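In what follows, a structure is listed as structure tokens, so that the remarks can point back to it.
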Amino acid sequence: MEFIKVTPNHQQHVALIELNRPKELNALNLQLMGELRDALKQLDDDDSVRAIVLTGNERAFAAGADIKQMAGKTAIDMFNIDQFSTWDQIKKTKKPIIAAVSGFALGGGCELAMTCDMIIASETAQFGQPEIKIGVMPGAGGTQRLTKALGKAKAMEMVLTGKFISAEEAEKHGLVNRVVPVELYLDEALKLAAEIAKMSPVAVKLAKESVNRSFETGLDEGLYFERKNFYMCFASEDQKEGMNAFVEKRAPQFTGK
Ligand code: CO8
């Protein structure tokens, strides 16, 4: 892997992925996105990993898709490259992904953070969809996810002016889970991942799938989906272990079976 770094912590069942194109502010070129997709697939298949943290560096989570790589492309080139199939694969990751964001999260970088399940922001984080300033518009979910998070008026303003919002404002609107000092944002995300990794991995995956379903469907269908996943938990040993441990007044030992 040239543009990302993967560090598993087997003891805590957590893996850290760092975007690693610091000179280009982690601009998301095709190779980086391919590496990210492959790493997430591997971690999703690895039973020793139960939660994933995705981060950049203090200056930039990611400043967007790689403008230099896209500048000369035609619509047909873009259609044939079909980079969104990579994003679709990332979205299919079953394990929870927490974005630890510091500095710029712009364009595709903001969209990547929003594709994750939760966001821990450093107080220096800035979120924005500045594509309008370079003659295009968000293409990896920005118009949809930002609107769902911030509401129409705020999202419209950001998308049509390219203005950034601060971490504090992002928290106020529910885009991020919390804002912490810059020296703590990664630890905070890893701590949250480790906390989730203590739960039943089966239940966590089913619950993630159910919460995400609320983005994609109406209430009745979402409730039906939730119910099916709730029943599915009872097919796991973790459900027996979790409930028996409660009754026996001891800590549960979840195995993901
Ligand atoms: N693509 C390519 N290179 C970039 C990008 C980018 N998105 N952002 C920064 N860089 C490069 C700069 O060109 C510069 O390189 P060099 O030193 O070789 O000139 C280096 O990173 C450092 O950047 P700056 O010197 O510009 O740093 P500043 O601190 O002055 O400015 C900013 C930081 C404000 C973040 C500025 O770099 C900027 O405006 N970047 C572009 C932000 C942007 O417009 N993002 C949206 C891109 S389009 C997009 O994301 C579409 C998404 C939909 C499809 C997703 C498919 C993957």
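Quick look at the values:
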{"read-out": "Some residue of the stretch 170-190 being closer than 19 Å to THR93 by Cα and crowded, with 16+ Cβ neighbours inside 10 Å", "value": "yes"}
{"read-out": "ARG145 surrounded by fewer than 19 Cβ atoms within 10 Å (Cβ to Cβ) and within 15 Å of the ligand (Cβ to nearest atom)", "value": "no"}
{"read-out": "Residue in the stretch 42-50 that is out of contact with any strand residue (DSSP E or B) (no Cβ under 6 Å at 6 or more places or on another chain), in contact (Cβ under 8 Å) with a residue 60 or more places away in the chain and farther than 19 Å from CYS110 by Cβ present", "value": "yes"}
{"read-out": "Unmet requirement for SER210, which otherwise passes all of (1) of a type in the set (Ser, Thr, Tyr); (2) outside any helix (DSSP H, G or I); (3) within 27 Å of GLY141 (Cβ to Cβ)", "value": "(2)"}
{"read-out": "Residues within the stretch 200-227 that are surrounded by 18 or more Cβ atoms within 10 Å (Cβ to Cβ) and touching a residue at least 40 places away in the same chain (Cβ under 8 Å), tallied", "value": "6"}
{"read-out": "Options LEU36, LEU32, LEU54: the member that is within 16 Å of the chain's Cα centre (by Cα) and away from the ligand (no atom under 12 Å from the Cβ)", "value": "LEU54"}
{"read-out": "Qualifying residue in the stretch 80-87 (condition: within 9 Å of the ligand (Cβ to nearest atom) and part of a loop (DSSP other than H, G, I, E, B))", "value": "yes"}
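Any read-out appearing in this document is the output of simple, stated calculations on the displayed coordinates, not a laboratory observation. Note that the structure is predicted; figures quoted are calculated from it, not measured. Here Cβ is always computed from backbone atoms with ideal geometry, including for glycine, and neighbour counts include all displayed protein chains.
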